[in-house]
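These notes are about the structure you will find just below.
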Amino acid sequence: MAFPKPQYPLDWLTQLWNIACGERINLKQDAWLLGPIGEIGGISDRVVDSIAAKEGLEVFRNPVDSGLVDDFEGFRFDAKDLNPRIQDFYRKTTHYDFDVWTQWQPVFGSFGYIVSKLFSQRVEQLNLPQNPLDTAWGMKSEIINLRKPTGEMAHRVWFRRLKRTGEVVYSGIYSHCFLPSGEKCLKIIFPLPQGSATVIMKLQIDGKGNLTLESKGNESGDPGFYFIVEDREGILWKHYLPSFHERIHVYEDPEQTLRADHSMNLWGLKAYDLHYKINQRKNVRSASASVE
């Protein structure tokens with residue numbers, strides 16, 4: 001049996017569980033799932049410098065007009081039917097701030113607290129706010145681009161902290177992938193010690209141009225939540241969790257305010273909710289404006 005590298009005992013046991021419950025990655029067939037993984041220890045934004053050093057990349061923090069995606073071409077809808085304000089948010093995320101409200105459902109509150117204390121706060125990754133007041137001041141958002149010496153984009157990272165406490169919420173690496181079925185999806189990699197939590201999200205729009213992202217499937221190869229682990233021999237393993245899925249609905253409310261509802265479900269039950277009010281920053285100057 002494969003074993004993880006020696007490290008903090010709880011991380012080692014978690015990785016062992018994912019290896020035991022998962023399957024070995026085929027580097028050719030599963031190439032769509034691959035991406036950066038974290039090193040042993042805390043993640044925070046230190047993972048950015050680690051990836052840059054390993055891959056010979058240059059780091060740019062909050063470049064003008066930078067966002068989570070370049071465009072919405074190739075998904076299973078016509079990009080011109082998507083609300084232009086939602087497109088602008090995803091393409092120029094540095095132009096926006098957030099008011100955030102959070103809530104654990106009662107049945108999962110204790111579970112979330114234990115996970116936070118044992119893993120998330122220590123690792124500084126996937127650290128969901130436990131107390132609604134923690135988000136009262138909002139979240140600090142930073143887009144970090146990692147580029148090759150040629151200028152080509154290699155990775156884009158969304159790094160977020162709570163303004164009130166300074167705690168890291170997550171470092172997520174945003175890109176896209178094509179499932180074995182050929183469908184284009186959004187791929188978000190959250191580096192973890194010797195691995196990652198990788199979320200594959202299907203995108204859809206409704207008749208009003210609002211966007212829904214959902215990580216829900218039945219088996220490996222579908223949208224959903226994957227744990228990736230590298231063992232002590234350098235072999236990669238994947239563990240698909242069909243019991244966990246997320247849904248993000250981004251929309252304009254009747255007063256033309258941009259909002260997002262983010263729910264996380266476990267075993268068919270809603271576990272955690274986040275609600276975002278998305279505010280465009282005042283006096284934002286874009287690259288195109290500066291050229292003019």
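The values are calculated or read from the model by the stated rules, or taken from the named source; none is laboratory data. Nothing here was measured: the structure is a model prediction, and the numbers come from that model. Here the Cβ positions follow ideal geometry from the backbone for every residue, glycine too, while neighbour counts run over all protein chains shown. Heavy atoms of the whole protein, side chains included, go into the accessibility calculation; ligands, DNA and RNA do not. Shrake-Rupley method; radii C 1.70, N 1.55, O 1.52, S 1.80 Å.
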Checklist line | Where a residue in the stretch 140-158 is under 16 Å from residue 64 (Cβ atoms) and its partner, wherever it lies, is surrounded by 15 or more Cβ atoms within 10 Å (Cβ to Cβ) and of a type in the set (D, E, K, R), with Cβ under 6 Å and at least six apart | finding: 141/160; 145/156; 153/147
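Does residue 57 fit the bill of being farther than 26 Å from residue 250 by Cα and of a type in the set (A, V, I, L, M)? So that I can check it myself, show each step before the final result.
Numbers: farther than 26 Å from residue 250 by Cα: yes; of a type in the set (A, V, I, L, M): yes.
Taking the combined requirement at face value, the residue satisfies it.
Only one of 235, 248 is farther than 25 Å from residue 3 by Cβ and either open to solvent by 20 Å² or more (accessible area, probe 1.4 Å) or free of Cβ contacts under 8 Å to residues at least 60 places away in the same chain (or both); which?
On the way: 235 fails: farther than 25 Å from residue 3 by Cβ.
The unique qualifying residue is 248.
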Notebook entry, point to check: Here is a list of conditions, (1) under 26 Å from residue 227 (Cα atoms); (2) among the hydrophobic types (A, V, I, L, M, F, W, C); (3) not in a helix (DSSP H, G or I), and residue 108 meets all of them except one; can you say which number that is?
Noted result: (3)
Next item on the list: Could you check, for the stretch 220-229, whether at least one of its residues is surrounded by fewer than 16 Cβ atoms within 10 Å (Cβ to Cβ), of a type outside the set (A, V, I, L, M, F, W, C) and over 16 Å from the mean Cα position of the chain (by Cα)?
Entry: no
Next item on the list: Report, by residue number, each residue of the stretch 223-244 that is touching a helix residue (DSSP H, G or I) at 6+ places or on another chain (Cβ under 8 Å) and not in a loop (DSSP other than H, G, I, E, B).
Entry: 226, 227, 228, 229, 237, 238, 239
Notebook entry, point to check: What's the number of the condition residue 53 fails, among (1) aliphatic (A, V, I, L, M); (2) within 26 Å of residue 203 (Cα to Cα); (3) more than 21 Å from the chain's Cα centre (by Cα)?
Noted result: (2)
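Looking only at residues in the stretch 43-73 that are among the small types (Gly, Ala, Ser), part of a loop (DSSP other than H, G, I, E, B) and at pLDDT 95 or above, which one is surrounded by the fewest Cβ atoms within 10 Å (Cβ to Cβ)? Before you say what the answer is, go through the steps one by one.
So the first thing to find is which residues in the stretch 43-73 are among the small types (Gly, Ala, Ser), and the list is 44, 50, 52-53, 56, 66-67.
Checking which are part of a loop (DSSP other than H, G, I, E, B) leaves us with 44, 56, 66-67.
Subset that is at pLDDT 95 or above: 56, 66-67.
On the way: 56: 9, 66: 20, 67: 22.
Going through the qualifying residues, I end up with 56.
Looking for whichever is open to solvent by 30 Å² or more (accessible area, probe 1.4 Å), in a loop (DSSP other than H, G, I, E, B) and farther than 23 Å from residue 33 by Cβ here; the options are 216, 208, 270. Which one fits? Can you show your working first?
Working: 216 fails: farther than 23 Å from residue 33 by Cβ; 270 fails: in a loop (DSSP other than H, G, I, E, B).
Of 216, 208, 270, the one residue that is open to solvent by 30 Å² or more (accessible area, probe 1.4 Å), in a loop (DSSP other than H, G, I, E, B) and farther than 23 Å from residue 33 by Cβ is 208.
Could you please let me know if residue 198 is among the hydroxyl-bearing types (Ser, Thr, Tyr), crowded, with 17+ Cβ neighbours inside 10 Å and in contact with a Leu (Cβ under 8 Å, 6 or more places away or on another chain)? Break it down stepwise before answering.
Details: among the hydroxyl-bearing types (Ser, Thr, Tyr): yes; crowded, with 17+ Cβ neighbours inside 10 Å: yes; in contact with a Leu (Cβ under 8 Å, 6 or more places away or on another chain): yes.
Yes, satisfied.
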Margin query: Looking only at the stretch 142-158, count every residue that is open to solvent by 10 Å² or more (accessible area, probe 1.4 Å) and not acidic (Asp, Glu) and tell me the total.
Written below: 10
Note to self: Please go through the stretch 14-39 and give me each residue that is surrounded by 15 or more Cβ atoms within 10 Å (Cβ to Cβ), in contact (Cβ under 8 Å) with a residue 60 or more places away in the chain and under 14 Å from residue 4 (Cα atoms), ordered by number.
What the structure shows: 14, 15, 18, 19, 22, 37, 38, 39
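For the stretch 111-141, name all the residues that are among the β-branched types (Val, Ile, Thr) and open to solvent by 30 Å² or more (accessible area, probe 1.4 Å). Don't jump to the end; show me each part of the working.
Going residue by residue through the stretch 111-141, those that are among the β-branched types (Val, Ile, Thr) are 114-115, 123, 135.
Across the stretch 111-141, the qualifying residues are 114, 115.
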Item checked: Residue within the stretch 226-241 that is over 24 Å from residue 123 (Cα atoms), in contact with a strand residue (DSSP E or B) (Cβ under 7 Å, 6 or more places away or on another chain) and not small (Gly, Ala, Ser) present -> no
Note to self: Anything in the stretch 160-171 that is under 16 Å from the mean Cα position of the chain (by Cα) and more than 12 Å from residue 127 (Cα to Cα)? List them, or say none.
What the structure shows: none
Item checked: Within the stretch 164-185, tally of residues that are open to solvent by 10 Å² or more (accessible area, probe 1.4 Å) and in a strand (DSSP E or B) -> 6
Item checked: Residues of the stretch 1-42 classified as part of a loop (DSSP other than H, G, I, E, B), in contact with a helix residue (DSSP H, G or I) (Cβ under 9 Å, 6 or more places away or on another chain) and over 22 Å from residue 176 (Cα atoms), total -> 12
